[in-house]
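Trainee: Quick one: the structure is below, and I'll ask about it shortly.
The values are calculated or read from the model by the stated rules, or taken from the named source; none is laboratory data. Computed from a predicted structure; not experimentally measured. Using ideal geometry, Cβ is built from the backbone for each residue, glycine included, and neighbour counts are taken over all protein chains shown. The area values use the complete protein model at the heavy-atom level, side chains included, leaving out ligands, DNA and RNA. Shrake-Rupley method; radii C 1.70, N 1.55, O 1.52, S 1.80 Å.
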2 protein chains.
Amino acid sequence: MTSLPPLNDALDAARADAELFDFLRIPSVSADSRRKGDMLRAAEFLQSKLASLGFTARVDRTAGHPVVYAERVASPERPTVLIYGHYDVQPEAPEGEWLSDPFEPTVRDGRIYARGATDDKGQAYAHVQGVELLLGQGDLPVNVKFLLEGEEEVGSPNLETYLRERAEELACDVIVISDGSRFARDVPTVTYGLRGLSYIEVHVQGANRDLHSGSYGGAAPNPINALAQIIARLKDEQGRITIPGFYDSIAELTEQERAMWAQLPHSDQEFAASIGVSALPGEAGYSTLERLWARPTLDVNGIWGGYQGEGSKTVIAAKAGAKISMRLVPGQDPARITKLAQDYITSLAPQGVSVKVIDHHGGQPIAMDLDSPYIAAADRALQRVYGKKAAFGRTGGSIPIVASFRAILGAPVLLVDLGLNEDAPHSPNESFALEDYHNGILTSAYLLQELGADETSQSG
Amino acid sequence: MTSLPPLNDALDAARADAELFDFLRIPSVSADSRRKGDMLRAAEFLQSKLASLGFTARVDRTAGHPVVYAERVASPERPTVLIYGHYDVQPEAPEGEWLSDPFEPTVRDGRIYARGATDDKGQAYAHVQGVELLLGQGDLPVNVKFLLEGEEEVGSPNLETYLRERAEELACDVIVISDGSRFARDVPTVTYGLRGLSYIEVHVQGANRDLHSGSYGGAAPNPINALAQIIARLKDEQGRITIPGFYDSIAELTEQERAMWAQLPHSDQEFAASIGVSALPGEAGYSTLERLWARPTLDVNGIWGGYQGEGSKTVIAAKAGAKISMRLVPGQDPARITKLAQDYITSLAPQGVSVKVIDHHGGQPIAMDLDSPYIAAADRALQRVYGKKAAFGRTGGSIPIVASFRAILGAPVLLVDLGLNEDAPHSPNESFALEDYHNGILTSAYLLQELGADETSQSG
């Protein structure tokens, strides 16, 4: 255990709440062009706050909304931590479903209700407050850089360019992001892996025009039947993907991970009930969490062809198509998987049709080494806040910015989620528990302390 | 061979052409409500012509466009032939693609260009002229009833009611319809079979809402993958449909039919080239014509689910659907096949999804006995016109009015097609060869003669 002192008593919660409320009052909706001024106000709010904490803080222009960048160097010998967050929020629509003004934070039952409360103003501002808390105790234990963007909710179109142009300035040992949900209320969580993605589109062409199914049925190739046949052949009876080479060099789960996940409070029955299904089909031999977090998938995301209107039309369509995504896991390279899928799908073309496979985009899978000292530091920080060991999970999705950070800055990314699914990010009545906000501030402060502690204390 | 005298010399082609042109000048587009008056004019044109030939002729109101009904009884002892045709035509759109006014018949290269030239004004009026030709020689050899409707191009919505209400008046021994295309230019054709139809729609439901494919992929059921799997299982590697009981009690092709069809001028290569495909896949063990005319099919006519827009969206759809039609052949009952398909498809539902199968509509398959005296009479009539034996083929499509005639009037239907595919019915520059029109008039006259000849001469 660590010997660092607790900071609970030092936290001025009322002041921290009041500041966050001011931040939440700025309707920084990145998707709404009429709110360009509000976006700038939110950026300046952060810049001014960070400057007041002794950071060199700037509002950097981009081709879209600005990036707030701030840094405070404690000592060139200390590790450097880059904290990423975003100050833009989702649109408030449908406005009629809010019980209180989305841009006038309101506390009910211990929760702050406001657009952006959890995603991501609340979680990002917890780090600003965490830094302030530490500064109240003396200097910072690490060098801290803040990168707070304004375009996360519109797909971060300018972030990668920003990172490339300033890679040197942004250099760091570890990146910390808090922009998600803990596994469950009582489960402090570190997310150490993300799946990657290979997204393709399949086009099947039959005749040179739509044909009458009476006059041609029985002789003309049917591209919809052909497409269905191709899709059906992409998985076997065990739910395993049949693309040759697909599973080669996948990093198998360790016994440690399987045991760890088996202990998480997860119920297949509740999970199935939450989406209204009677079963959770998937690859044989893996638990649901294992399938969601550490096994690759192949899902058709869209399909079309022929007549989709009311009633009946006896047509044999000239063409059909489908969008297919594969979630990838460490060991799989998106470009290689896309190529394997293209080759295999093309080879499955039934007689009489031609098949074309388009490469949409891909994303690298990521997993941090569970033995990494950063993981251990996060675990210790969360133990100090919650009094229990953290859960180490992964997530089934892909977070493109994480892959960008990893690829461009070359530093590992620590995902320390402070929110909960019940916060309803992106939905009306988004909220953030005051307790989670306060614990988030402590988590941030303790994490920076732990990351700054020397190796001896880290392994203590 | 028959001993009936040839009528070629008696045909006044110029007068027959002029009359048809007058008929074609009336823009009787049933789908165009502004042409209600023209519809009535076309009906009255026919009524007046048939009355002039000594028929009792009426224009009967229906809930839609009127039916022209006319009859001329030669003798209660003679057979009664009901000739069906339609005086309504397809809309002329796209008008700009016509080389001459669609409602001003124009002769170019021996062809009459006009909307309705072949479908069906020209073919129907050939029968009116055939009757007139016979009347020039004396009385009619059979009792003749004309039923000429005005709603064929809009699906004959009121014909079945009309048939039911007047079944007694319409009673006949055989029904003759000329509303289609011969197999080829030099192949006089009798069509003696039509496929039936069972049309269903399959709905597959997964989760209660669209899900993120990252967060849920690997555990949530995917209704599109499930639907593809179901569709793929409906046929085996040999192209045979796998629905249990599907092929039970199908009337197999006779050796006579197979031999007859094998001699028709058909080229797989040309057929494939005409629709731009490299192969004509289908049930193993049958030729293309056999598969088109005498074997059942299962074609997906439409499919949908998930994201169909530009680019990529990582969604697991809540539901997916497909429209599926099965062409049926004699021996298969549409209601029974629909039930078998519903049961089987439902049984194929993969884990986690629910499957519903909706019955759209069905149609009875029909085949006339090749040994029927009516078939023999048609063969003799066509030999007299063309100097060669007729081809006996079937058609892959379903003609709902034929099933209605068969079911309500209980009489066999002789399909004696006078046109050609190159007439381009329903398209701009629809035409009808003058030669085909004149041969059609002779065919009609000879057919009525042959149908009226006594059994001795029929088998002579």
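Trainee: Going by what's in this entry, would residue A:440 be described as at pLDDT 90 or above, assigned to a strand (DSSP E or B) and in the same structural domain as residue A:96 (by TED's automatic domain parsing)?
Mentor: Values: at pLDDT 90 or above: yes; assigned to a strand (DSSP E or B): no; in the same structural domain as residue A:96 (by TED's automatic domain parsing): yes.
The answer is no for residue A:440.
Trainee: With the range A:179-275 as the region, which helices (runs of 4 or more DSSP H) entirely inside it contain at least 1 residues that are of a type in the set (S, T, N, Q) and open to solvent by less than 40 Å² (accessible area, probe 1.4 Å)? Even if it seems obvious, please write down each step before you answer.
Mentor: Working: elements: A:213-216, A:223-232, A:255-262, A:268-275.
Hits in the range A:179-275: A:213-216, A:223-232.
Trainee: Report yes if residue A:173 is touching a residue at least 24 places away in the same chain (Cβ under 8 Å) and open to solvent by 10 Å² or more (accessible area, probe 1.4 Å), otherwise no. First the steps, then the outcome.
Mentor: Working: touching a residue at least 24 places away in the same chain (Cβ under 8 Å): yes; open to solvent by 10 Å² or more (accessible area, probe 1.4 Å): yes.
Yes, satisfied.
Trainee: Scan the range A:221-239 for residues that are more than 7 Å from chain B (Cβ to nearest Cβ) and out of contact with any helix residue (DSSP H, G or I) (no Cβ under 8 Å at 6 or more places or on another chain) and report the count.
Mentor: 6
Trainee: Still on this model: Condition check: within 14 Å of chain A (Cβ to nearest Cβ), in contact (Cβ under 8 Å) with a residue 40 or more places away in the chain and either of a type outside the set (A, V, I, L, M) or surrounded by fewer than 17 Cβ atoms within 10 Å (Cβ to Cβ) (or both). Does residue B:419 satisfy that?
Mentor: Considered against the rule, which asks whether it is within 14 Å of chain A (Cβ to nearest Cβ), in contact (Cβ under 8 Å) with a residue 40 or more places away in the chain and either of a type outside the set (A, V, I, L, M) or surrounded by fewer than 17 Cβ atoms within 10 Å (Cβ to Cβ) (or both), residue B:419 comes out as no.
Trainee: Still on this structure, please answer the following. Within the range B:294-310, restricting attention to residues that are in a loop (DSSP other than H, G, I, E, B) and more than 7 Å from every other protein chain (Cβ to nearest Cβ), which residue is nearest to residue B:237 (Cα to Cα)?
Mentor: Among those that are in a loop (DSSP other than H, G, I, E, B) and more than 7 Å from every other protein chain (Cβ to nearest Cβ), it is B:298.
Trainee: Looking at (1) in contact (Cβ under 8 Å) with a residue 60 or more places away in the chain; (2) closer than 20 Å to residue B:230 by Cα, find the lone condition where residue A:281 falls short.
Mentor: (1)
Trainee: Okay, next question. Check whether at least one residue in the range B:200-212 is closer than 21 Å to residue B:398 by Cα, away from chain A (no Cβ under 14 Å) and of a type in the set (A, V, I, L, M, F, W, C), and report yes or no.
Mentor: The answer is no; no qualifying residue exists.
Trainee: Go through the range A:341-352 residue by residue and tally those that are surrounded by fewer than 19 Cβ atoms within 10 Å (Cβ to Cβ) and more than 14 Å from every other protein chain (Cβ to nearest Cβ).
Mentor: Residues meeting the conditions: 3.
Trainee: Within the range B:130-142, track down each residue that is buried (at least 21 other Cβ atoms within 10 Å of the Cβ) and not aliphatic (A, V, I, L, M).
Mentor: Residues satisfying the conditions are B:130, B:132, B:141.
Trainee: Residue check: is residue B:311 on the phi > 0 side of the Ramachandran plot, surrounded by fewer than 20 Cβ atoms within 10 Å (Cβ to Cβ) and at pLDDT 95 or above?
Mentor: No: the conditions fail for residue B:311.
Trainee: Residue under question is residue A:40, and the condition is that it be at pLDDT 95 or above, in contact with a Pro (Cβ under 8 Å, 6 or more places away or on another chain), surrounded by 14 or more Cβ atoms within 10 Å (Cβ to Cβ) and closer than 15 Å to residue A:103 by Cα; does it hold?
Mentor: Answer is no for this residue.
Trainee: Exactly one of (1) at the interface with chain A (Cβ under 7 Å from one of its Cβ atoms); (2) touching a helix residue (DSSP H, G or I) at 6+ places or on another chain (Cβ under 8 Å); (3) in a helix (DSSP H, G or I); (4) not aliphatic (A, V, I, L, M) is unmet by residue B:291. Its number?
Mentor: Every listed condition holds for residue B:291 apart from (2).
Trainee: Follow-up. Out of A:371, A:423, A:359, A:417, report the one residue that is of a type in the set (D, E, K, R) and not assigned by TED's automatic domain parsing to the domain that holds residue A:113.
Mentor: Values: A:371 fails: not assigned by TED's automatic domain parsing to the domain that holds residue A:113; A:423 fails: not assigned by TED's automatic domain parsing to the domain that holds residue A:113; A:417 fails: not assigned by TED's automatic domain parsing to the domain that holds residue A:113.
When all the criteria are applied, what remains is A:359.
Trainee: What strands (runs of 3 or more DSSP E), lying completely within the range A:80-161, carry at least 2 residues that are under 19 Å from residue A:434 (Cα atoms)? Full working, then the answer.
Mentor: Values: elements: A:80-86, A:106-108, A:111-113, A:143-149.
So the answer is A:106-108, A:111-113.
Trainee: Ok, one more. If a residue must be open to solvent by less than 10 Å² (accessible area, probe 1.4 Å) and polar (S, T, N, Q), how many such residues does the range A:91-129 contain?
Mentor: 3
Trainee: On to the next question. Can you find even one residue in the range B:288-302 that is touching a strand residue (DSSP E or B) at 6+ places or on another chain (Cβ under 6 Å), buried (at least 24 other Cβ atoms within 10 Å of the Cβ) and under 30 Å from residue B:215 (Cα atoms)?
Mentor: Checked the range B:288-302: no residue is touching a strand residue (DSSP E or B) at 6+ places or on another chain (Cβ under 6 Å), buried (at least 24 other Cβ atoms within 10 Å of the Cβ) and under 30 Å from residue B:215 (Cα atoms).
Trainee: Could you identify the single residue in A:361, A:426 that is outside any helix (DSSP H, G or I), open to solvent by 50 Å² or more (accessible area, probe 1.4 Å) and touching a Ser or Thr at 6+ places or on another chain (Cβ under 8 Å)? If you could, list the steps in order and put the result at the bottom.
Mentor: Working: A:426 fails: touching a Ser or Thr at 6+ places or on another chain (Cβ under 8 Å).
Of A:361, A:426, the one residue that is outside any helix (DSSP H, G or I), open to solvent by 50 Å² or more (accessible area, probe 1.4 Å) and touching a Ser or Thr at 6+ places or on another chain (Cβ under 8 Å) is A:361.
Trainee: Just the residues that are open to solvent by 30 Å² or more (accessible area, probe 1.4 Å), assigned to a helix (DSSP H, G or I) and within 30 Å of residue A:259 (Cβ to Cβ), please, taken from the range A:393-409.
Mentor: Result: A:406, single match.
Trainee: Check the range B:315-331 and report whether any residue there is within 12 Å of chain A (Cβ to nearest Cβ), part of a loop (DSSP other than H, G, I, E, B), open to solvent by 40 Å² or more (accessible area, probe 1.4 Å) and of a type outside the set (Phe, Trp, Tyr).
Mentor: Taking every residue of the range B:315-331 in turn, none turns out to be within 12 Å of chain A (Cβ to nearest Cβ), part of a loop (DSSP other than H, G, I, E, B), open to solvent by 40 Å² or more (accessible area, probe 1.4 Å) and of a type outside the set (Phe, Trp, Tyr).
Trainee: Is it the case, given these coordinates, that residue B:263 is closer than 23 Å to residue B:182 by Cβ, away from chain A (no Cβ under 13 Å) and not hydroxyl-bearing (Ser, Thr, Tyr)?
Mentor: Yes.
Trainee: From B:324, B:337, B:345, grab the single residue that is among the β-branched types (Val, Ile, Thr), modelled with pLDDT of 95 or more and under 16 Å from residue B:365 (Cβ atoms). I'd like the intermediate steps shown before the answer.
Mentor: Values: B:324 fails: under 16 Å from residue B:365 (Cβ atoms); B:345 fails: under 16 Å from residue B:365 (Cβ atoms).
Exactly one of B:324, B:337, B:345 is among the β-branched types (Val, Ile, Thr), modelled with pLDDT of 95 or more and under 16 Å from residue B:365 (Cβ atoms), namely B:337.
Trainee: Tell me the residue from A:320, A:272 that is among the aliphatic types (A, V, I, L, M) and farther than 30 Å from residue B:301 by Cβ, please.
Mentor: On the way: A:320 fails: farther than 30 Å from residue B:301 by Cβ.
Just a single option satisfies the conditions, and that option is A:272.
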